[in-house]
Amino acid sequence: MATLHLVNKPAAWEGCHPLLDPKDAVLLIEDGTYLAQQALNGAAFHALEPDVRARGLSRRVHPSIRTASFDDFVRLVESCERVVTWSA
Amino acid sequence: MVISIAVHGAPYAGAGSRTALRFVESALRLGHRVHRVFFYHDGVLAAAEPGVAPQDEEDLHAGWVRLGETHGVELAVCIANALKRGMLDETERDRYERKAATAHPAFAIVGLGQLIEAMTASDRFVTFAA
Amino acid sequence: MAKRILFLLNRTPYGASHALEAIEAILVAGVLDQKVSVLFTGAGLYQLLSDQDGGALGGRTVGKMLGALPEYGVTDLFACRPSAERLGLGDANLCLPVAWLDHAEQRRLINRQDIVTS
């Protein structure tokens, strides 16, 4: 993985999406998890599980998006080269 | 791995401070060293000692203090951002002749150089946005 | 040891204090001899608009602070061309010279960094 992108709001997706590299991963966090209800393309997608569950989205997450625990979040940070945070 | 983070959002105003707290707890549990948490922008309000969280809401301030006091994580608050938002330690209280120090002593009020040092001294730097 | 640090500026200059405070961090990174780059994207391009007068709001002028970046050793200033086209902005409207990057060039810029922050 080259870059891990954090997206914390649906509006932040607009800035993130055009800059995704196929080797990148995206972690949807906080209100960014509302984006997980649809198929997204351009990278590997994850959604932070407590944020998904809190918002009632557990059964609405698109099958192409994996849910991630906080430990998974740390592992994603470990395995990337850098983290880019998007916020609108 | 050595990790540092920046927290840009105020607790309760947004979700970033809580997300950052959970991230640091997980990083420590997985055996990483968290070199510094740098509170920037409205993030500095996490240091507010007078805050009282309601019983059915998580006390984020207490969560950060616990990380600082029991896990030795350095909690660094940007001085320029802190002063204008009313976050003062005892030194700044005396310097500016205010009535009370508002920042909990687990937080260190520091210059911006410590933000850049956190970046250069760590393997990963993660920004938690407002 | 010097690191390659990219600051991603995508906020408007006066809607919040975020822009001013981010520029302060960039200046310090420059003073501390890091390899600093700045990328203006989205609404962040408004930070570069000429004729700003922060004095009208009783504060500092963001465009003027950005003008000091080269004095602090920060000369790698980039801006998102697609954002500029969307906002109707170009060299003639800006207070500082920037290098225009399309999306592929921005991806390469990010991939060269040790750290990206905002």
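Numbers below:
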read-out: Shielding by other protein chains, C:108-116, mean Cβ within 10 Å; value: 6
read-out: Vicinal HN-Hα couplings computed from phi for segment B:121-130 (Karplus, 6.51 cos²θ - 1.76 cosθ + 1.60; Hz; Gly/Pro x); value: 8, 10, 6, 9, 10, 10, 9, 9, 6, 5
read-out: Other-chain or far-sequence residues with amide H under 5 Å of A:THR67's (modelled H); value: A:ALA47
read-out: Net charge over other residues, Cβ less than 11 angstrom from the Cβ of A:ALA68 (K, R count +1; D, E count -1); value: -2
read-out: Amide H contacts of C:VAL36 (H built 1.01 Å from N, under 5 Å, at least 5 apart or other chain); value: C:ILE5
read-out: Shielding by partners, peptide A:70-79 (average Cβ within 10 angstrom, other chains); value: 6
read-out: Ranking of B:TYR96, C:TYR46 by count of other Cβ atoms within 10 Å, fewest first; value: B:TYR96, C:TYR46
read-out: Helix A:70-79 vs. chain A, principal-axis angle (Cα, 0 to 90°, nearest 10); value: 20 degrees
read-out: Estimated [θ] at 222 nm from DSSP helical runs (n ≥ 4, -39500 (n - 2.57)) normalised by residues in chain B, nearest 500; value: -10000 deg cm²/dmol
read-out: Cα gyration tensor category, rounded, prolate or oblate, for chain C with a/c compared to 1.5; value: oblate
read-out: For segment B:17-29, Karplus couplings with θ = phi - 60° (6.51, -1.76, 1.60), whole Hz, Gly/Pro x; value: 5, 5, 4, 5, 4, 4, 4, 5, 4, 5, 4, 5, 4
read-out: For chain B: rounded, prolate or oblate by the Cα gyration tensor [a/c cutoff 1.5]; value: oblate
read-out: Crossing angle, helix B:60-71 versus chain B [Cα axis fit, 0-90 degrees, rounded to tens]; value: 60 degrees
read-out: Order of C:ASP33, A:ASP71, A:ASP21 under a 10 Å beta carbon neighbour criterion, fewest first; value: C:ASP33, A:ASP71, A:ASP21
read-out: Sorted by Cβ neighbour density within 10 Å, fewest at the top, the residues B:ARG124, A:ARG66, C:ARG81; value: A:ARG66, C:ARG81, B:ARG124
read-out: Per-residue mean of C-beta atoms belonging to partner chains within 10 Å, peptide B:89-96; value: 0
read-out: The protein assembly as shown: translational diffusion in µm²/s, Stokes-Einstein, Kirkwood Rh over Cα pairs, 4 °C, 1.567 mPa s; value: 63 µm²/s
read-out: Taking chain B and dividing mean pair separation by its residue count, relative contact order in percent (alpha carbons under 8 Å, at least six apart); value: 37 percent
read-out: Signed unit charges on C-beta, dipole axis of chain C, positive-most listed residue C:ILE5, C:VAL74, C:TRP100; value: C:ILE5
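The numbers here are math on the coordinates, done by the rules we state, and not lab data. Predicted model, so just to flag it, every value in this text is computed and none were measured. Ideal geometry is used to build each Cβ from the backbone, glycine not excepted, and the neighbour counts take in all protein chains shown.
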